[in-house]
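Heads up: the structure comes next, in structure tokens.
The values are calculated or read from the model by the stated rules, or taken from the named source; none is laboratory data. Only a predicted model underlies this, so the values are computations on that prediction, with no experimental measurement involved. Reconstructed Cβ throughout: ideal geometry from the backbone, glycine too, with neighbour counts over all protein chains shown.
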Amino acid sequence: MGVKLQALLALQDIELQIVDIRRQLERKQRQVAAQRRKVSALREAIENERLNVRRRQAEFDEMDVDIKGRTANINRLREHLNTVRTNKEYATVLARLNNEKADVSRLEARALELMQAIEARKQELAQHEQAQAAEVARLEELQAQYEQAAHSFRGRLAALEEQRAAAAAAVDPETLALFERLSERYEGEVLAQIEQPNPRRDEYICAGCHMSLRVDAANTLKFRDEIVTCKNCGRILFVRADE
């Protein structure tokens with residue numbers, strides 16, 4: 001293997017370490033972002049539940065006022081029954097009294113159902129608030145883990161960036177531009193080894209994409225220090241030194 005490909009392999013080794021660190025940090029960032037979205041959704045759902053409880057409570061309060069008003073009217077009608085002088089008037093007041101009592105009974109039944117529903121919603125709301133508190137704690141934990149990882153990797157990443165700059169200086173600009181394009185596409189895995197699945201056959205494949213290669217690609221790299229790329233995936237090919 002020639003000097004040019006050795007320099008690229010050295011650069012790739014550093015590049016892969018940098019990519020791995022960045023990948024770890026990005027994964028932790030994604031976890032934090034996903035957890036933040038989860039907490040936000042929970043908060044919105046809980047706020048909607050609270051609003052629903054307040055609406056039901058307002059409905060109950062309004063119904064309670066109506067029941068109290070009708071109950072007071074029933075008491076007045078009862079008192080009025082004691083003062084009527086004719087059977088017709090008595091029957092009229094009694095009918096009003098019975099209708100009012102029936103209405104109150106229906107309202108009280110509805111109010112009881114509504115109160116039970118409110119209590120059930122309040123219990124569910126309390127459970128959801130506990131779940132939210134747990135998810136907020138998880139978010140804080142993930143955020144702390146990310147910040148700790150970022151802090152611990154900062155020195156290592158800075159050192160690798162310096163090494164990368166030094167290694168890149170050993171590569172000509174045109175080849176370096178190709179390397180950087182491929183690094184962005186394949187997350188640092190720029191070079192691919194030429195493999196010969198069957199040593200008895202003059203057949204070769206790219207270890208990056210596992211597609212067949214022309215024989216002259218392998219022969220060129222065995223004897224010359226040149227940049228040869230895979231026609232399928234575009235990676236820079238190399239042959240091991242012992243081959």
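Can you find even one residue in the stretch 94-115 that is touching a Ser or Thr at 6+ places or on another chain (Cβ under 8 Å) and of a type outside the set (Val, Ile, Thr)? No, the conditions are met nowhere in the stretch 94-115. Within the stretch 190-202, does at least one residue satisfy the condition of being more than 17 Å from THR175 (Cβ to Cβ), exposed (fewer than 14 other Cβ atoms within 10 Å of the Cβ) and either aliphatic (A, V, I, L, M) or touching a helix residue (DSSP H, G or I) at 6+ places or on another chain (Cβ under 9 Å) (or both)? Yes: one or more hits. Report whether or not GLN145 is assigned to a helix (DSSP H, G or I) and either surrounded by 12 or more Cβ atoms within 10 Å (Cβ to Cβ) or modelled with pLDDT under 95 (or both). Yes, satisfied.
Going by the structure shown, is ARG154 exposed (fewer than 14 other Cβ atoms within 10 Å of the Cβ) and in a helix (DSSP H, G or I)? Quick ask: steps written out before the conclusion?
Numbers: exposed (fewer than 14 other Cβ atoms within 10 Å of the Cβ): yes; in a helix (DSSP H, G or I): yes.
For ARG154, the condition - exposed (fewer than 14 other Cβ atoms within 10 Å of the Cβ) and in a helix (DSSP H, G or I) - is met.
For the stretch 46-58, indicate whether the set of residues that are more than 35 Å from the chain's Cα centre (by Cα), part of a helix (DSSP H, G or I) and of a type outside the set (S, T, N, Q) is non-empty. Looking through the stretch 46-58, at least one residue is more than 35 Å from the chain's Cα centre (by Cα), part of a helix (DSSP H, G or I) and of a type outside the set (S, T, N, Q). Does ALA192 qualify as being closer than 14 Å to GLY2 by Cα and of a type in the set (A, V, I, L, M, F, W, C)? Answer is no for this residue.
So that you can scan it fast, the table gives a plain yes or no per residue for (1) surrounded by 11 or more Cβ atoms within 10 Å (Cβ to Cβ); (2) touching a residue at least 60 places away in the same chain (Cβ under 8 Å):
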| site | (1), (2) |
| --- | --- |
| ILE74 | yes, no |
| LEU77 | yes, no |
| ASN82 | no, no |
| ASN87 | no, no |
| ALA91 | yes, no |
| ARG96 | yes, no |
| ALA109 | no, no |
| LEU114 | yes, no |
| ALA149 | yes, yes |
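Checked against the criterion of being in contact with a helix residue (DSSP H, G or I) (Cβ under 6 Å, 6 or more places away or on another chain) and within 30 Å of THR92 (Cα to Cα), the stretch 55-63 has at least one qualifying residue.
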